[in-house]
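Asker: Let me give you the structure first, and then I'll get to my questions.
The values are calculated or read from the model by the stated rules, or taken from the named source; none is laboratory data. Keep in mind that what you see is a predicted model, and the values were worked out from it rather than measured. Here the Cβ positions follow ideal geometry from the backbone for every residue, glycine too, while neighbour counts run over all protein chains shown. Surface accessibility is based on the protein's heavy atoms, side chains included, excluding ligands, DNA and RNA. Shrake-Rupley method; radii C 1.70, N 1.55, O 1.52, S 1.80 Å.
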Amino acid sequence: MDEINKIFMARAIELAKENANSNNGGPFGAVIVKDGKIIGEGINLVTKTNDPTAHAEITAIRQACKKINSFKLDGCEIYSSTEPCPMCLGAIYWACLKKIYYATTRNDAAKADFNDSLIYKEFGLPENKRTIPSEQIMRIESLEVLKEWDKNDCKVEY
């Protein structure tokens with residue numbers, strides 16, 4: 001492993017440790033790096049903000065996007081103290097990061113009562129077998145919005 005990777009991962013772990021002792025949220029930290037420089041740092045703020053989406057990776061992505069004034073983080077890498085959960089992994093893909101580094105695994109996190117195995121399991125189930133029921137309604141009306149968007153010459157592509 002490169003020494004530079006160790007430096008960035010050490011920072012993510014340091015953020016996680018500080019957060020674990022501050023009671024702001026879970027013991028997680030993340031940093032986003034572009035061209036060898038940290039452009040975003042995040043800690044888990046779920047319990048402090050009452051926001052279940054305020055995971056370390058998400059808060060780091062938000063900070064990095066704001067800093068570079070873009071919703072895409074092309075060419076960036078994320079260093080996370082723990083393997084990203086399904087929500088964070090989705091956000092990482094939407095932000096177009098090029099690589100993920102993580103220290104502890106989701107199994108390690110589960111042993112500390114951060115178990116996201118239910119979510120992974122739910123993804124593989126048909127909708128009618130999932131824990132949270134879902135029902136499709138008003139498809140035609142919503143399709144009209146998508147068609148309008150598709151025709152919009154000024155839209156910003158994701």
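Asker: Kindly identify region 55-103 as rounded, prolate or oblate by the Cα gyration tensor criterion: order the square roots of the eigenvalues as a ≥ b ≥ c, call it rounded if a/c is under 1.5, otherwise compare a/b with b/c, prolate if a/b is larger, else oblate. Write down the numbers at each step before the final one.
Answerer: Working: a/c = 1.68, a/b = 1.54, b/c = 1.09.
Since a/c reaches 1.5 and a/b is larger than b/c, the shape of region 55-103 is classed as prolate.
Asker: Further question: Tell me which residues come under 5 Å, amide H to amide H, from Tyr102 once H is placed; ignore anything under 5 positions away on its chain.
Answerer: Ser80
Asker: Can you tell me which of 42-52, 99-109, 147-157, 115-125 comes out highest on packing, and rank the rest after it, using the mean Cβ neighbours within 10 Å? Don't skip to the end; give the middle numbers.
Answerer: Working: 42-52: 17.2, 99-109: 15.3, 147-157: 7.4, 115-125: 11.4.
Per-residue Cβ counts within 10 Å, averaged per peptide and sorted highest first, yield 42-52, 99-109, 115-125, 147-157.
Asker: When the helices in the chain are scored as -39500 (n - 2.57) per DSSP H run of 4 or longer and the sum is shared across all residues, what 222 nm value do you end up with, to the nearest 500 deg cm²/dmol? Write out the running numbers ahead of the final one.
Answerer: Working: 7 runs with 72 residues, N = 158.
Rounded to the nearest 500, the figure is -13500 deg cm²/dmol.
Asker: Let me ask something additional. Expressed as a whole percentage, what fraction of the accessible surface of region 8-140 belongs to carbon and sulfur atoms when a 1.4 Å probe is rolled over the protein heavy atoms? The partial results should precede the final answer.
Answerer: Details: 4510 of 8210 Å².
Using a 1.4 Å probe with all protein chains present, region 8-140 comes out at 55 percent carbon and sulfur.
Asker: Over the chain, consider all pairs of different Cα atoms and compute the Kirkwood hydrodynamic radius from their mean reciprocal separation; express it in Å, one decimal.
Answerer: Taking every pair of different Cα atoms in the chain, averaging 1/r and inverting gives 17.3 Å.
Asker: Hey, another quick one. Hey, which of these cross-link pairs are over 24 Å Cα-Cα: Lys98/Lys147; Lys17/Lys111; Lys34/Lys66; Lys34/Lys121; Lys66/Lys155; Lys66/Lys121?
Answerer: Working: Lys98/Lys147 31 Å; Lys17/Lys111 17 Å; Lys34/Lys66 14 Å; Lys34/Lys121 33 Å; Lys66/Lys155 20 Å; Lys66/Lys121 33 Å.
Violating the 24 Å Cα-Cα cut-off are Lys98/Lys147; Lys34/Lys121; Lys66/Lys121.
Asker: Can you give the % of DSSP beta bridges in the chain that are antiparallel, to the nearest 5?
Answerer: Numbers: 11 of 16 bridges.
Of all bridge pairs located within the chain, approximately 70 percent are antiparallel.
Asker: Distance between Cα centroids, region 111-150 to region 20-87: provide it in whole Å.
Answerer: What the calculation gives is 24 Å, centre to centre.
Asker: With an 8 Å cut-off on Cα pairs and a minimum separation of 6 or more residues, tell me the relative contact order of region 1-140 in percent.
Answerer: Working: 251 pairs, mean separation 24.4, N = 140.
Across region 1-140, relative contact order equals 17 percent.
Asker: Here's a follow-up. Could you give the accessible area per residue of region 9-103, probe 1.4 Å, as a whole number in Å²? Kindly include the intermediate steps, with their values, before the conclusion.
Answerer: Numbers: 4790 Å² over 95 residues.
For region 9-103, the per-residue accessible area is 50 Å².
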